[in-house]
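The values are calculated or read from the model by the stated rules, or taken from the named source; none is laboratory data. Values in this document were obtained by computation on a predicted structure and should not be read as measured data. Neighbour counts are summed over all protein chains in view; Cβ atoms, including those assigned to glycine, are modelled from backbone coordinates with ideal geometry.
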Amino acid sequence: MRPSSPALRFLAENAIWLMGSLLLAVFIWVAAVNSHNPVESRRYPERIPIRVVVDEGMIVTNIPVATAQLVLRASTGVWQNLALQDIQITADLTGKPPGVYTVPMKVTFATGDRIVVEDIQPQELTVAIDQAAERLIPVVEDIRTPPSTGLEVRNITFDPPEVLASGTASQVARVASATVRLHLGNERNTFTRNFRLFAVDSQGQPITEVTLSPDTVDVAVEIEPGADYREVFIVPDVVGEPADGYVVYSITYDPQSILVSGLPDDLEHLPGTIQTSPIDLTGQTQSFSTEVTLDLPAGVFLPAGQDITVTVQIETLTASRRFDNLPVEIQGLGEGLQAAITPNIVSMLITGPQPILDTLSSSQIAIVADLTGLDVGTHQVLLQAVIGRQGLQSAIISVLPPMPEVVISAVVPEASPTASTPPPPTPRAS
């Protein structure tokens, strides 16, 4: 073998040094970069939504975990700019037939930065999928409470008459109809109203795993009396007048119409309104309620247990009356003081129940000026009306003028009389 030339030996000997120098430079550069932008492992502060991907025509039938927690390894600069929308977690079930599958989580990042997923919880997701289906189903009524005795449901219509049931093929196949639950016990007349729909099977059992669209319908229900019944309106027969000074404010009654029964011929000739038994108001001064009967012809009957209550509200007539030349009485004046009121004769206007005002006299009215706590000086005092009659608590009273001027002064004691001194005697001439 020929020995190596000196040039080749030189290159071989220096290649090792060159490689070592290059590695050392890379190491120093990496160390310098890491010292300014270190790599850190952290738990991402927010939970990430999990996106379940299935083929078209398939749907998820269970409720899997909706979010996952990530532990990521990345540089400080990447952490500072990493947003929630940059992270996507996917459970991929494309190409899978109906069934239950446990699939791993796949994490992708929208940025091109180097990010390492160190941990994900949960690591797998159990998902049940099935073939999606939908079909039109009829809307039918489910009368939970029938109408009152004597009333019949003549017709029920729905708008729309059919709705779309959507869900898995197995659940949609179970649906027999969409029902409207009707409670008609308090209904007396035809009505149209919007009701919620419920999907049910052939046995009437609810199916909650399907969606109805729309989930409400307008329902028109025609309610009419039966063949042996007729609805008549009630008119209270009020006679007499309340006492003088009182007036009938209102008359209410319940029910205002009623179903009566009888033979078809008797019902056909029955008038549309029926009077109650007489309700006598003669001399009444207070509101009252009473139960009455109906003046029905022979062969026509009220339903058993049906009561008719009439309430009469009676109010007193309101009147106004003026009283003049009423003297002002002083109360509460301190000892050693005297008062002068200007004016000391006033008027009073009162509005209240007429029956009481008609018999009220001036002798039952006192106008009072309360001077309690007032000292020497000039004051204005609000006058008070004191009326010695019951039933005027709600009356409106005005004293005219309402605040007269009051001058309070101290009482000056009278001086005591003194004996006069007789003049000195006039001397006599000697």
- Item | Only listed residue being surrounded by fewer than 16 Cβ atoms within 10 Å (Cβ to Cβ) and either aliphatic (A, V, I, L, M) or not assigned by TED's automatic domain parsing to the domain that holds Ala385 (or both), chosen from Glu335, Glu291 | Glu291
- Query: Which of (1) farther than 30 Å from Ser261 by Cα; (2) more than 50 Å from the chain's Cα centre (by Cα) is the odd one out, the single condition Val386 does not satisfy?
  - Reply: (2)
- Which condition number does Thr108 fail, the rest of (1) out of contact with any Asp or Glu (no Cβ under 8 Å at 6 or more places or on another chain); (2) closer than 23 Å to Ala169 by Cβ being met? (2)
- Task: Could you check, for the range 333-342, whether at least one of its residues is assigned to a strand (DSSP E or B), touching a Pro at 6+ places or on another chain (Cβ under 7 Å) and farther than 30 Å from Gln275 by Cα?
- Result: yes
- Query: Within the range 354-375, is there a residue that is in a strand (DSSP E or B), loosely packed, with under 12 Cβ neighbours inside 10 Å and at pLDDT below 95?
  - Reply: no
- Looking at Ile279, Ile251, Ile207, Ile234, which one is under 30 Å from Thr145 (Cα atoms), at pLDDT 90 or above and not assigned by TED's automatic domain parsing to the domain that holds Gly185? Ile234
- Task: Can you run down the residue pairs with Cβ atoms below 6 Å, 6 or more apart or on separate chains, where the first is in the range 289-310 and in contact (Cβ under 8 Å) with a residue 40 or more places away in the chain and the partner is of a type in the set (D, E, K, R)?
- Result: Val300/Asp266; Thr309/Asp254; Thr309/Glu291
- Task: Just give me the residues in the range 45-77 being touching a helix residue (DSSP H, G or I) at 6+ places or on another chain (Cβ under 9 Å) and within 12 Å of Val127 (Cβ to Cβ), in sequence order.
- Result: Thr61
- Note on the structure: The condition of being assigned by TED's automatic domain parsing to the domain that holds Ala91, more than 21 Å from Val54 (Cβ to Cβ) and assigned to a strand (DSSP E or B) holds, among Glu152, Glu141, Glu118, only for Glu118
- Do the conditions hold for Leu296, that is, is it surrounded by 14 or more Cβ atoms within 10 Å (Cβ to Cβ) and assigned by TED's automatic domain parsing to the domain that holds Leu263? yes
